[in-house]
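Following: one structure in structure tokens, then a few remarks.
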Amino acid sequence: MNLFRHFNDLVREAAASLDGAPSDINVGPITVEPPRDPSHGDLATNAAMVLAKPLRQKPRDIAEMLVPAIQEMDGVALVEIAGPGFINIRLGDGFWQARLTEILRRGTSYGDSEMGHGDRVNVEYVSANPTGPMHVGHARGAVFGDALASLLEKAGWDVTREYYIHDAGAQVDVLARSLHYRYRVALGQDPGPMPEGLYPGEYLIEPGRELAERDQDRWLDADEQEWLLPLREFATDRMMALIRADLHALGVEHEIFTSERKLHADGRVEEAVSDLEARGMVYTGVLEPPKGKLPDDWEPRPQLLFRATEWGDDVDRPLKKSDGSWTYFAADIAYHFDKYKRGFPQMIDVLGADHGGYVKRMVSATRAITGAKTGGLTIKLCQMVQLLDDGQPVKMSKRAGTFVTLRDVVDRVGRDVVRFMLLTRKNEAPIDFDFAKVTEQSRDNPVFYVQYAHARCCSIFRNAEKDVPGLDTSSEAVHAADLGLLKHPEELALIRLMTSWPRLVEQAAEASEPHRLAFYLYDMASAFHGFWTRGRDAEDLRFIHPDNPELTLARLALVDGVRTIIRSGLQVLGVTPIEEMR
RNA sequence: GGUCCCGUAGCUCAGCAGGAUAGAGCAACUGAUUCCUAAUCAGUAGGUCACAGGUUCGAAUCCUGUCGGGAUCACCA
């Protein structure tokens, strides 16, 4: 239950049935929110202020009229008018205790929402070129996309996770040539130093050997035309296997892998373009030179263009290169057309910020495809990750073969750390990922802080069994505990925080911002750690009371609630809830 | 020059579809460890929310402009 929405509905009803309220009164702007200052109460509504204008009365007077109805609502203990006309609502202990019961009953499904109405949405992420292992730069999009997909699932969408394999461009030709070089070496030839522009990374040595073993000297003296295609396929298959393994190490999974090459081979590009053409969206023309800095080799040339400007872009965009082959953009149109036809009117692409210039044209193309002026495709950009080692930037160049692979990072600091760190920032802000910092298990590192809270919860359960002989700590027993015993302000504060989880899930999903979960979990952990330490001085606030099994059981219910919420959040982020830290 | 993103405490960042006195971590300072895991906690100090207008009961949040930083800018992907 999202209690804020629950009470918002009730308050809107009350507002609509006020004496003298016109039948068409707009209650939309009325909100019920947690006040920033908890001393103001549990809920605050702006209803009186919002209604002041349409009702032509003072906010405070309207508040007076609303109070009786609000006082009647289930769970409401106290209603006050404050400030310019806020109505502050305090809910009774019983209401909060009932929420804890709800949390325990629902388990990690607590917070699941029906906001998405089961609508299908396709989330495409990673889509790294199959020309080598993943590097850290890819990790952010991977983790973000994965967490976003999980978040949307939790919020009620039917999510499909997809990876677009860029196996058709010039970069895979380079890959094939690089493989051929390694293949020749594997067969004992000395091809000399690797030519400029090939991928020098060592990850192609092994595939080169495998190819030599499989095909022997079949491609050794053959023309490039003969071996380019088969080697391209061989190499991209190998590279995709690498990438999948890297993703697996990061805990990222996709359900669907779509090959760009296959789109071309199946004639999907022609199909998509002719579909647009049939609707007058395609023409041959000459583009204006780009404003500002002119590329050295710019020359006016007629090209096949898509009328992107009709769908919100700044200029029309080329579909064919000067040599007559399709642009990447054309293939991408085909790809999104394909997704649309597969039943995804809603799509999300997760891209690196260096693709920012691509957003408008792709969004406009998708609108042209679906014929909708809005909606369709949403693109989430992830800013760059700067890799540092103790404050010093780590230089990387894929061309020079010097880059830190994702696998290196995962092996060194662990998957949970990588995931949490990359998710503890909103996607639009750049991240400095400092090896030295994330490696140390300090409080500078929020992952351990949150995991520690979860482990502490588990530890309390372990100790309770030990310290309270004969205590039944099974979930049945805990769920049946007398929660009426939980009435200390600190206990209720913990429950309140747990109760804001469903609202948070919905807001994070609405904004497509999984980082909010990470911050929430940090808050939840902080509140729990605080309560735990309170028990050092005040023995009555400890969880375990050997001489009072009833209270122990109630406290265990509280702990179980915290544990459930943290586990539920970590689950969305793809981070392991550790049960014991040593 | 166009487009997109960012600008909040010394540093790194939150700030919830505008809401009451702007928050956390790090760093600094004070304190808590015979006690359920101190990988923790309690406290002190620190801000003209880049700047200027506008919208309104009310702006860090929305709009316009300026300044500063980053990304990107026909045919690559």
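Miscellaneous remarks
- Qualifying positions in the stretch A:107-130 - in a loop (DSSP other than H, G, I, E, B) and in contact with a Ser or Thr (Cβ under 8 Å, 6 or more places away or on another chain): A:TYR110, A:GLY111, A:PRO130
- Residues satisfying the stated conditions in the stretch A:424-444, i.e. in contact with a helix residue (DSSP H, G or I) (Cβ under 7 Å, 6 or more places away or on another chain), assigned to a loop (DSSP other than H, G, I, E, B) and at pLDDT 75 or above: A:THR424, A:ARG425, A:LYS426, A:ASN427
- Among the residues of the stretch A:35-57, those that are among the charged types (D, E, K, R) and either free of Cβ contacts under 8 Å to residues at least 12 places away in the same chain or within 7 Å of RNA strand B (Cβ to nearest atom) (or both) comprise A:ARG36, A:ASP37, A:LYS53, A:ARG56.
- Scanning the stretch A:523-571 for residues that are near RNA strand B (Cβ under 8 Å from one of its atoms), over 16 Å from A:LEU486 (Cβ atoms) and either buried (at least 18 other Cβ atoms within 10 Å of the Cβ) or among the polar types (S, T, N, Q) (or both) returns A:ALA525, A:SER526, A:THR533.
- Residues satisfying the stated conditions in the stretch A:29-57, i.e. surrounded by fewer than 14 Cβ atoms within 10 Å (Cβ to Cβ) and assigned to a loop (DSSP other than H, G, I, E, B): A:PRO29, A:ARG36, A:ASP37, A:ARG56
- Selection status of A:ALA368, hydrophobic (A, V, I, L, M, F, W, C) and more than 7 Å from RNA strand B (Cβ to nearest atom): yes
- Qualifying residue in the stretch A:236-252 (condition: at pLDDT below 95 and hydroxyl-bearing (Ser, Thr, Tyr)): no
- Some residue of the stretch A:286-297 being of a type in the set (A, V, I, L, M, F, W, C), within 30 Å of A:ALA372 (Cβ to Cβ), under 36 Å from the mean Cα position of the chain (by Cα) and surrounded by 11 or more Cβ atoms within 10 Å (Cβ to Cβ): no
- When A:ASN8, A:ASN88, A:ASN26 are screened for being in a loop (DSSP other than H, G, I, E, B) and among the polar types (S, T, N, Q), only A:ASN26 passes.
- Taken over the stretch A:502-547, the criterion of being aromatic (Phe, Trp, Tyr) and closer than 21 Å to A:VAL143 by Cβ is satisfied by A:PHE519, A:TYR520, A:TYR522.
- Only one of the numbered conditions (1) among the basic types (Lys, Arg); (2) in contact (Cβ under 8 Å) with a residue 24 or more places away in the chain; (3) more than 8 Å from RNA strand B (Cβ to nearest atom) is violated by A:LYS466, and that is (2).
- Test: residue in the stretch A:242-262 that is under 30 Å from A:TYR125 (Cα atoms), aromatic (Phe, Trp, Tyr) and within 12 Å of RNA strand B (Cβ to nearest atom): no
- Matching residues in the stretch A:521-535 - criterion: being hydroxyl-bearing (Ser, Thr, Tyr) and either within 20 Å of A:SER568 (Cβ to Cβ) or touching a residue at least 12 places away in the same chain (Cβ under 8 Å) (or both): A:TYR522, A:SER526
- Residue check for A:LEU104: in a helix (DSSP H, G or I) and surrounded by 21 or more Cβ atoms within 10 Å (Cβ to Cβ): no
- Test: A:ASP416 is modelled with pLDDT of 90 or more, more than 9 Å from RNA strand B (Cβ to nearest atom) and either of a type in the set (D, E, K, R) or on the phi > 0 side of the Ramachandran plot (or both): yes
- Residue list for the stretch A:419-463, filter: closer than 22 Å to A:MET524 by Cβ, more than 8 Å from RNA strand B (Cβ to nearest atom) and aromatic (Phe, Trp, Tyr): A:PHE420, A:PHE461
- Any chance A:ILE81 is without any contact (Cβ under 8 Å) to a residue 40 or more places away in the chain and within 13 Å of RNA strand B (Cβ to nearest atom): yes
- When A:ARG496 is tested against (1) out of contact with any Asp or Glu (no Cβ under 8 Å at 6 or more places or on another chain); (2) in a helix (DSSP H, G or I); (3) over 22 Å from A:PHE461 (Cβ atoms), just one condition goes unmet, and that condition is (1).
Conditions (1) at pLDDT 90 or above; (2) more than 14 Å from A:ARG496 (Cα to Cα), marked per residue:
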{"residue": "A:GLY28", "(1), (2)": "no, yes"}
{"residue": "A:THR45", "(1), (2)": "yes, yes"}
{"residue": "A:VAL67", "(1), (2)": "yes, yes"}
{"residue": "A:GLY75", "(1), (2)": "yes, no"}
{"residue": "A:ILE89", "(1), (2)": "yes, no"}
{"residue": "A:ILE103", "(1), (2)": "yes, no"}
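- The residues on offer are A:ASP332, A:ASP313, A:ASP354, and the sole one that is at pLDDT 85 or above, surrounded by 15 or more Cβ atoms within 10 Å (Cβ to Cβ), assigned to a helix (DSSP H, G or I) and among the acidic types (Asp, Glu) is A:ASP332.
- Residue list for the stretch A:298-334, restricted to those being within 38 Å of the chain's Cα centre (by Cα), within 10 Å of RNA strand B (Cβ to nearest atom) and hydroxyl-bearing (Ser, Thr, Tyr): A:SER325, A:THR327, A:TYR328
- Residues in the stretch A:80-101 that are of a type in the set (Val, Ile, Thr) and crowded, with 21+ Cβ neighbours inside 10 Å: A:ILE87, A:ILE89.
Yes or no, residue by residue, for (1) without any contact (Cβ under 8 Å) to a residue 40 or more places away in the chain; (2) assigned to a loop (DSSP other than H, G, I, E, B):
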{"site": "A:VAL143", "(1), (2)": "no, no"}
{"site": "A:LEU151", "(1), (2)": "no, no"}
{"site": "A:TYR164", "(1), (2)": "no, no"}
{"site": "A:LEU175", "(1), (2)": "no, no"}
{"site": "A:ARG184", "(1), (2)": "yes, no"}
{"site": "A:TYR199", "(1), (2)": "no, yes"}
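- A:GLN171 part of a loop (DSSP other than H, G, I, E, B) and of a type outside the set (Gly, Ala, Ser): no
- For the stretch A:505-521, filtered to residues that are assigned to a helix (DSSP H, G or I) and near RNA strand B (Cβ under 7 Å from one of its atoms), the residue that is surrounded by the most Cβ atoms within 10 Å (Cβ to Cβ) is A:HIS515.
The values are calculated or read from the model by the stated rules, or taken from the named source; none is laboratory data. None of the values given here were measured: they were computed from a predicted structure. Cβ: placed from backbone, ideal geometry, glycine included. Neighbour counts: every protein chain shown.
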